[in-house]
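*Asks:* Take this structure first; my questions come after.
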Amino acid sequence: MALNVVGLIVIILFYLLILVVGVVAAWKIKVKGQQEGRSLEATLVAGRDLPTVVGVFTMIATTVGGGYINGTAESVASYGLIWTVAPLGIFCGLSLGGVIFARVMRDQKYVTMLDPFQVQYGHLQVLLVYLATLCGDLFWTASILSALGTSLSVIIDLPLTATIWVSSAVAVGYTMFGQLIAVAYTDIAQLALITFGLVLSVPFVLTNENVGDITANSSQWMGSLDKTSCLTWVDLFLAMTFGTIPWQAYFQRVLAVRSGAQARVLSIVGGCGALVLVIPSILIGAASVSADWNATSLEASPLATGESRMVLPLVLKEFTPTPVALLGLGAISAAVMSSMDSSILGSSSMFTHNIYNNILRPQAKNWELLVVQRVAVVTVGVLATVISLHVRIIYGLFILAADIVFVIVLPQLSCALFLPRTNAYGALIGYMVGLFLRLGAGDKDLHLTPFIPYPYYTPAHGQLFPFRTFAMICSALTIFIVSEVFRSLFCLDIIPRKLDVLKAFSLRTSFVPTQSSTEQSIALVGQSAEQVLPSQMEQSNCVRRAEVGDL
C-alpha cells in the first residue's frame, strides 16, 4: 500500500510540473498575443519565430511518445528487434521529410499540412484528407494513452480507466489554452524527464540477477527474417519511413521555425535524437526475453500471460528498485504527454483553419476561431481517450496510424506539392483507390476480414505481399493518370466546362496561405476569364487559348 501512495505522489508531482510549465507558457503567449494582436494563424505556428533549439526538443519529444517507448519494448519482446521497424523507419522518415518536404512547405508559408490540398484540389479533398489524418491522429493518441494507462496500473495499481482520463485531461488542459508555444515548452521538460527516467532504469535492469546476460540469448530477442517474410518486412519499413512524414504534428513544427533551412535541420536532428532515445526501450525489451520471470511475483512472463503491452512497466516494476521504477514511470508519463498534446493540437488546428474557417465560416472573427480551436482540442482528446480504453494493442495501433497516412495521405501530399498538373478528379479517385486497396488487406487490430487475397496470402499467415506499398503506389499513379485524363477531356471540350463540378478546370476560390484566414479572397468564384488578371489564372488547371487571348 505504501508503494501506491508514494507512486501516486510522484505521479501527481510529475503532472503538476508539466501543467505548471504549460500554464506559464500559455499565459506568456496570451499576454504577448494581446500586445501584438496575433491572429489564429500566428498562434498555430508560433508567429513563425520558434527557436531552432526549442524546435529540435519539441520534435524529439513529440516523436518519442508512449507508443514509441512502450511499443518498441513490446515489439522487441514479441517479434524481435529485426521486426521492430518503427525506430529506424521514423529516423529515416524525419530525415527524408527534412530533405524533401520541410523546406518546400516552410518556404510556401503554409499554416497547416492541408493548405497545399486547399490550393491544388479544393474543399472536398481537404475534407477527405482531413478525415484520414484525423484517424491517424486518433489511433496514435490512443496508443500512447493506452501505454500510459497500462504503466500506471501496473506500477501504482491505479484503475486503468481513471488514469487514462486524468492523463488526457491534463494534456488537453494546457494544450487548449497554450497552443503550440505551451506544447513546445512542456516538451522540453518532458524530454528531460524521458531521458533521465529511462537512462537511469537501464543499468538496474541489466544488472539484476534475474535478468542475467542479455547477449546469451540474443538470437531470441533479435528475431529472424526468412525469404518468405522479406517482402512483409520491406513493406512495414517503407510504411513506417514515409508514413512518418505526412503528419500535422510534424509540419506544425516545421512551419513554425524561422526559415526553410531551419526546418530541414529541425527534421534531421529530431530524427537522430529519436533514434538515440529508443535504445533504452530496446534493451528493456531484450531484458524481458532473457529474464527469469518465474522468480518474480508474476511467476510468468508478460508474453506467456498475453500481456505483451505491459512489458516495459513490468520490467521496471520487477527488476528495478521502487524509486527507479517510479522515475521510469514518470518518463513514460512525460512521453505520453509530449506526444498526445502535439497530436490533438494538430488535428484541432487543421479543423479550425482549413475546415471551419476556410470552408464553413470564412467571415469568422479571430475570437470565434480561438473558441472553435479549443472546443476541437477537447473533442479530439475525448475521442482518442475513448479509443484507448477499447483497443489494447499498443504497437498495433502505432503501426495502423502510420499505415493510414502512408497509403492515403502521402500520395495526396506529394502530388499536391510536386505535380502541379494533378487535379481534384485525380486526387478523389486516387483517394478511393488507396482506401479500397488498404482495407481489402484487412486488419486484425480492427477485426477487419481481408476481402482482397493478395499474392502469397494464407489464412494462417495473413498478407505476405507488400500491400501497403502496393496500395500507396497505386493511389499515386491513379492521381496522376486520372488527372491527365480529365485534363484532356476538359481542355479539348469533350466534356463541357459547365460540368466541372469540382471546379478543377474553371476559376475557383483563390487561396492565399500567407494572408490571414479571414482575409482570404473568394472573389474569383463565378467570374469570367475576362475579369481576372493573368496572375490569378495560375489557379486554373486548364485555360482555353481563346480566353488567354482575351486577357
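Since every read-out is calculated from the coordinates, none of them should be taken as a lab result. As the structure is a computational prediction, the values presented were derived from the model and not from experiment. Note: ideal-geometry Cβ built from the backbone for every residue, glycine included; neighbour counts use all protein chains shown.
*Asks:* With point charges of +1 on the Cβ of Lys and Arg and -1 on the Cβ of Asp and Glu, referenced to the Cα centre of the stretch 2-403, which listed residue (L145, A169, L314) lies farthest in the positive direction of the dipole?
*Replies:* Going by the charge dipole, the pick is A169.
*Asks:* Putting +1 on Lys and Arg Cβ atoms and -1 on Asp and Glu Cβ atoms, find which of G243, Y121, Y68 reaches farthest to the positive end of the dipole of the stretch 2-403.
*Replies:* Of the listed residues, the answer is Y121.
*Asks:* If I model a spin label at Q363 and A192 as a point 7 Å from the Cα along the Cα→Cβ vector, what separation in nanometres do I get?
*Replies:* In this crude spin-label approximation the distance works out to 4.9 nm.
*Asks:* While we're on this one: Return P(r) of the stretch 97-210 (all Cα-Cα pairs; 5 Å bins starting at 0; whole %; ordered from short to long distances).
*Replies:* Percent of Cα pairs in each bin: 2, 9, 10, 14, 18, 16, 12, 8, 6, 3, 1, 1, 0.
*Asks:* Kindly provide log₁₀ I(q)/I(0) values, in the same order as q = 0.15, 0.18, 0.21 Å⁻¹, from the Debye equation applied to equal alpha-carbon scatterers of the stretch 232-368.
*Replies:* So the normalised log intensities work out to -0.97, -1.15, -1.30.
*Asks:* Additional query: Enumerate the amide H contacts of L448 below 5 Å, restricted to partners 5 or more residues apart or on another chain; note that Pro and chain-start residues carry no placed amide H.
*Replies:* So L448 has HN proximity to D443.
*Asks:* Another question, if that's okay. Sort F470, F139, F418 so that the residue with the fewest other Cβ atoms within 10 Å of its own Cβ comes first and the one with the most comes last.
*Replies:* The fewest-first ordering by Cβ neighbours comes to F418, F470, F139.
*Asks:* Let me understand the stretch 2-403 better: what is its radius of gyration from the alpha carbons, and its Dmax, in angstrom?
*Replies:* 20.6, 67
*Asks:* While we're here: Using the per-residue mean of other Cβ atoms lying within 10 Å as a proxy for protection, in what order, highest first, do the peptides 297-310, 110-123 fall?
*Replies:* Ranking, from highest mean packing down: 110-123, 297-310.
*Asks:* Assigning unit charges at the beta carbon (Lys, Arg +1; Asp, Glu -1) and nothing else, what dipole magnitude in debye, to the nearest 20, does the stretch 2-403 show about its Cα centre?
*Replies:* 1400 debye
*Asks:* Could you please rank S78, S488, S201, placing first whichever residue has the fewest other Cβ atoms within 10 Å of its Cβ?
*Replies:* The fewest-first ordering by Cβ neighbours comes to S488, S78, S201.
*Asks:* Hey, another quick one. What spacing in nm lies between the two simple spin-label points modelled at M222 and I452, each 7 Å away from Cα in the Cβ direction?
*Replies:* 3.6 nm
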